[in-house]
Amino acid sequence: MAKENIAAGKGGEIYVPYEQRSGEKSIVYFTRDLSENGLLKIYGYIKNVLEGKIAVKLHTGEKNGPNIIPRQWVKTLMEKELPDSSIIETNSYYEGDRDTTEKHLETLKVNGWTFAPVDITDADGTVFLPIKGGKWFTQMSMGKNITKYDSLLALTHFKGHSKGGFGGSDKNIGIGCADGKIGKAMIHTTPGQNDQWDISDEEFMERMTESTKAITDHFGSRIAYINVMRNMSVSCDCEGIYAEPVVTPNVGICASLDILAADQACVDIVYAMKKEENHALVERIESRHGLRQLSYMKELGMGNDLYDLIDIDNGDTLITAKDAAKDLVPFGS
C-alpha cells in the first residue's frame, strides 16, 4: 500500500498513530468509573445539546446476551436525566429473536428493557433520509418513527464486531437505525443477491458510515455520543449467548459531541493496551478492515480524529489514550 494512503488512513487494516493525523481537534471526556454513577457523571458533560423529545439509541441485545450495558445503569440515567425519553431500536435483518416486531418485543421483555418506552422505529414503516456526499447512497431507509424525535443520544456498548471489526457509535447508529428489511439490506447486500453478507471489508464500512451520516445530518447539533468500554468481546451483542468470551480488560466510558472523536478515542485506547490485553480485539478490527470506519467518517466531514481526552475523575485533566490504558485489570480476574 502506498505510503500516502497509509498516512491518510484509507487502508482499513492500517492503524494510523495519533501523531500522524492532522486537522482540528474535538473534546472527548473519559471516566474509569464503570457504574451508573460514572454514566450519570459523564452524561452531564454532553447533555446540554439534547432538547425536546429525546431518543436513546441503545443495542438491547439478543435474548440473555451477557455483555450489553447493564439495564440498571440505563434505568438510573433515564429516570434521573431523561424522564420523557424513549429507547429506540429497529428490527434485525438476520433471522433470530428480533427480526419481527412481535419477536423483538418478547426479547425486550426477556432482557429486562421494561422500565422505559422502547420504540421499535420500523414497526410501522420506513422513511428515507438523505445522505450528503456519499459514494454508495443518496438516501437511506430508516425506521419511520425516527422522525418523531428532536434529539438523539447514542448510548453505545463499544466492543468487537464480526462484520465491522468493532462496534462503536458509528455501528450503533448506522446499522441500528436502518430499518430491518430495506435499510439493513442496502448496507449488507448488493441488489439481486440472496446472500445477506455479500458486502465485506471496506465497502461495508463505507456503506454503514453513510447510513450513519443520514442520521447525524438529520439531527445536526442535537446529538451526543457515549461509548461504554466494558465486556468487550470480539463479538457484537447481536450474537447474544453465542458471543466469544471476553478477554480484553474493561476500561471506562468515553463521551463526546463528535462521533469520530468518540470512536477514535476508544480505538486508540485499545491500541494503547499491552499486546496480551488487546491482541484479540486488534486482530478482529484489522482482519475486517474496521479502521475504515474512522477514515471514512473523516472524509465525509463527520468529525475529527484528533481530540483532547479529558479525565473527569481527576479535575478534568488532559490525558492520552496511553494514560487511559494504564493499569488495566485483566477481564475476569
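Read the figures in this text as sums done on the coordinates, not as results from a lab. Quantities reported herein were computed from a predicted structural model and do not represent experimental measurements. Counting neighbours? That spans all protein chains shown, and the Cβs are built from the backbone with ideal geometry, glycine included.
Subtracting the Cα-Cα distance of SER200 and THR101 from 0.36 nm times their residue separation leaves 32.9 nm of extension gain. Cα centroid separation, the stretch 297-319 to the stretch 215-248: 18 Å. Hey, for a label at LYS144 modelled as a point 7 Å past Cα toward Cβ, could you say which residues of the stretch 178-218 have their backbone N under 19 Å away? Residues 178-185 qualify, since their backbone N sits under 19 Å from the label point.
In straight-distance terms, cross-link reach from LYS181 covers every one of the lysines whose alpha-carbon lies under 16 Å from its own, apart from those fewer than eight places away in the same chain; here that gives LYS103, LYS144. LYS109 to SER287: FRET efficiency via 1/(1 + (r/R0)^6), r the Cβ-Cβ distance, R0 30 Å, to the nearest 0.05? Taking R0 as 30 Å, the efficiency between LYS109 and SER287 is 0.25.
Which residues does the label zone of ASP323 cover in the stretch 9-36, counting backbone N under 11 Å from a point 7 Å along Cα→Cβ? Label zone hits: 30.
A Cβ-based charge dipole, computed about the Cα centre of the chain with Lys and Arg at +1 and Asp and Glu at -1, lands at about 220 debye.
Rounded to two decimals, the Cα-based Rg/Rh of the chain, with Kirkwood Rh, is 0.93. What is the sum of charges, Lys and Arg at +1 and Asp and Glu at -1, for the other residues whose Cβ falls under 10 Å from the Cβ of THR126? Net local charge, THR126 excluded: -1. With the convex hull drawn around the C-alpha atoms of the stretch 157-258, the volume per residue stands at 106 Å³. Could you tell me which of rounded, prolate or oblate describes the stretch 256-333, using a ≥ b ≥ c as the square roots of the eigenvalues of the alpha-carbon gyration tensor, with rounded for a/c under 1.5 and, failing that, prolate when a/b is larger than b/c and oblate otherwise? Since a/c reaches 1.5 but b/c is at least a/b, the shape of the stretch 256-333 is classed as oblate.
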